[in-house]
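What follows is a single structure, written as structure tokens, with notes after it.
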Amino acid sequence: MTSSRTNPEGTSEPEDLTGSAAWELLLPAASAPARARGRSLQAALREAVRTGRLAPDTRLPSSRDLAADLGVSRGLVTEAYEQLAAEGYLRSGRGAGTWVSGAVRAARPRARDLAPRSPGARADFVAGTPDLSLFPRAAWAAAQRGVLAESPHDVLGYPDPRGLPRLRTALAELLARRRGVVADPERLVVVSGVAQATTLLGFVLHARGMRIVGVEDPGSPQHDALYASVGVGTVPLPLDEEGLALGPLRASGVRAVVTTPAHQFPTGIAYSARRRAQLLDWARSVDGLVFEDDYDGDFRYDRAPVGALQGLDPERVAYAGSVSKSLAPGLRLGWLLVPESLADEVVERKRTMDLGHPTLDQALFARFLERGDYDRQLRRCQRAYRQRRDTLVAALEEHFPGAEVTGIAAGLHVIAELPGKYGPQEDFLDRAASAGVAVRPLTAYAHARADDAVVRLVLGYAHLSPARIRAGIRLMAGAMHPRGR
């Protein structure tokens with residue numbers, strides 16, 4: 001075998017690469033069963049070019065020589081050369097031989113993993129992640145076996161873009177019972193999480209002429225990018241002690257707003273009954289829409305569950321939720337309940353986006369709901385997360401006396417405002433990072449620049465064991481040298 005090399009005069013000439021090492025990549029193909037030998041030889045040559053083992057502008061031996069060396073027919077090699085030339089991997093010309101095409105680029109040696117990962121801190125209090133070890137593997141596997149055994153063949157076909165009727169019916173019962181929504185299965189759409197629900201609504205609002213939506217400030221940092229991806233801008237709207245402030249909302253000119261009224265993220269407040277009514281009055285007055293993200297609506301500890309806003313006016317509120325906190329975010333499974341006036345447009349956009357959610361996953365979750373496994377999982381998580389919240393609050397009281405902790409009645413994180421002697425906030429965060437503690441301040445979720453003289457932290461605890469919570473708070477306290485000590 002030969003390849004090109006550059007001689008002292010700067011011109012290219014063939015380089016002799018004959019020898020056993022040059023043929024090792026083709027030997028398995030040559031020894032394949034007769035009926036598969038041609039395809040195997042083509043695949044081996046193609047892979048050698050893709051991976052760079054045969055570099056661009058390498059000259060291959062003649063079909064006669066290669067056939068003799070490999071012990072195969074010349075016709076087999078000729079056919080392989082012709083096929084790869086047609087695909088662009090090789091190039092050839094009459095009397096010029098066969099060469100590796102210069103248009104081919106070697107593949108990367110490995111695939112990168114862009115999944116979000118923990119920063120490798122000694123203690124990680126960043127909010128937003130549940131305890132993945134609580135995932136009910138045995139019950140999930142049993143449901144999977146049951147679904148595979150009982151599902152008819154047509155379940156494997158293209159589904160209703162809204163989702164399997166079986167799952168939408170089970171979800172409607174769950175949401176009506178646990179969250180007080182008005183749940184019509186015909187207006188439920190199974191989605192791959194709240195992110196897709198947000199994007200679907202964004203597409204529909206854009207098609208209706210809306211170019212801006214209001215978002216809570218502070219609030220989820222993901223909204224800006226999600227709405228920007230569909231050509232819709234966001235306007236940050238401040239909160240007061242009752243929820244979204246009505247004055248700035250009315251003055252903004254928006255006709256759609258994103259809210260987390262049951263447990264505002266990240267402040268942890270629950271919208272008051274009065275503010276809920278005012279928000280719906282605003283939506284009716286501007287012919288607008290409230291998008292309710294019920295991101296952790298199932299986790300309540302010291303108060304009765306606050307029902308969903310959607311139950312008060314199903315025609316002015318679109319409601320979304322998912323299993324990301326109750327089961328695992330990697331399942332990519334959620335739901336969107338839309339007003340009747342938007343249903344057809346949302347369903348059509350869902351159909352063109354992905355032709356529907358995976359059917360076996362839907363059937364599995366439906367069975368999980370029907371058999372009571374999901375309710376059992378929620379109770380299990382509720383017990384575990386309540387214990388961890390209590391551990392976190394006690395650890396803060398012990399190591400940061402005088403800290404004011406809020407947002408503790410629900411959810412998977414708390415807000416801790418530390419005494420002034422621990423500020424300014426930037427210095428505190430630097431010391432925490434140096435000690436290997438990952439933590440985010442409340443200002444990280446705000447659009448407007450806030451006073452950072454006081455340290456306000458958003459502390460997630462769901463993914464940490466009680467022992468790790470205590471150790472993490474102790475580690476953070478040990479790194480502090482507050483002014484005046």
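The values are calculated or read from the model by the stated rules, or taken from the named source; none is laboratory data. Quick caveat, the model's predicted, so the values are computed rather than measured. Neighbour counts run over all protein chains shown; Cβ positions are idealised from the backbone, glycine included. In case anyone asks, the SASA skips ligands and DNA or RNA and just uses the protein heavy atoms, side chains included. Shrake-Rupley method; radii C 1.70, N 1.55, O 1.52, S 1.80 Å.
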Checklist entry - With all protein chains present, how much of the accessible area of the chain (probe radius 1.4 Å) comes from carbon and sulfur, to the nearest whole percent? => result 51 percent
Item to check | Prolate/oblate/rounded call for region 62-188, Cα gyration tensor, a/c under 1.5 rounded | outcome: prolate
Next on the checklist: Give me the 1.4 Å probe accessible area per residue for the chain, excluding ligands and nucleic acids, in Å².
Outcome noted: 47 Å²
Checklist entry - Under a 5 Å amide H to amide H cut-off, with H placed in plane at 1.01 Å, what residues pair with Val258 once short-range neighbours are removed? => result Gly214, Val215, Glu216, Phe291
Next on the checklist: I'd like the Karplus ³J(HN,Hα) series for region 405-410: coefficients 6.51, -1.76, 1.60, θ = phi - 60°, whole numbers in Hz, and an x wherever there's a Gly or Pro.
Outcome noted: 10, 10, x, 8, 6, 7
Checklist entry - Amide H to amide H, which residues 5 or more places from Thr98 or on other chains are under 5 Å from it, using H placed in the peptide plane? => result Leu60
Next on the checklist: What figure, in Å² to the nearest 10, do you get for the accessible area of His463 with a 1.4 Å probe and non-protein molecules left out?
Outcome noted: 50 Å²
Item to check | Rounded tilt (10° steps) of 425-434 against the dominant C-alpha axis of the chain | outcome: 50 degrees
Next on the checklist: I'd like the orientation of helix 37-51 relative to the chain: the angle between its Cα long axis and the longest Cα principal axis, in ° from 0 to 90, rounded to 10.
Outcome noted: 60 degrees
Next on the checklist: Among Leu27, Gln83, Phe265, whose Cα projects farthest towards the positive end of the dipole of the chain, with charges put on the beta-carbon of Lys, Arg (+1) and Asp, Glu (-1)?
Outcome noted: Leu27
Checklist outcome for this item: In terms of the charge dipole of the chain, which places +1 on Lys and Arg and -1 on Asp and Glu at the beta carbon, the residue among Gln196, Ala384, Val213 farthest towards the positive end is Ala384
Checklist entry - So, in Å, what gap is there between the alpha-carbon centers of region 338-389 and region 136-157? => result 16 Å
Checklist outcome for this item: Computed ³J(HN,Hα) along region 263-269: with the Karplus parameters 6.51/-1.76/1.60, θ = phi - 60°, integer Hz and x for glycine or proline, the list is 7, 4, 9, x, 5, x, 6
Item to check | Normalised contact order of region 371-485, rounded percent, pairs of Cα under 8 Å and 6 or more residues apart | outcome: 33 percent
Checklist outcome for this item: Phi angles of region 313-328, converted by Karplus (6.51 cos²θ - 1.76 cosθ + 1.60, θ = phi - 60°) into ³J(HN,Hα) in whole Hz with x for Gly and Pro, give 7, x, 8, 10, 10, 9, 10, 9, x, 7, 9, 4, 8, 8, 10, 6
Checklist entry - Out of these labelled values of percent of Cα pairs over 44 Å apart, [x] 24; [y] 37; [z] 18, which was calculated from the coordinates shown here? => result [y]
Item to check | Helix-only mean residue ellipticity at 222 nm for the chain, each DSSP H run of n ≥ 4 adding -39500 (n - 2.57), per residue, nearest 500 | outcome: -12500 deg cm²/dmol
Checklist entry - Using modelled amide H (1.01 Å from N, peptide plane; none on Pro or chain starts), what sits under 5 Å from the amide H of Leu90, excluding residues fewer than 5 places away? => result Ala85, Ser101
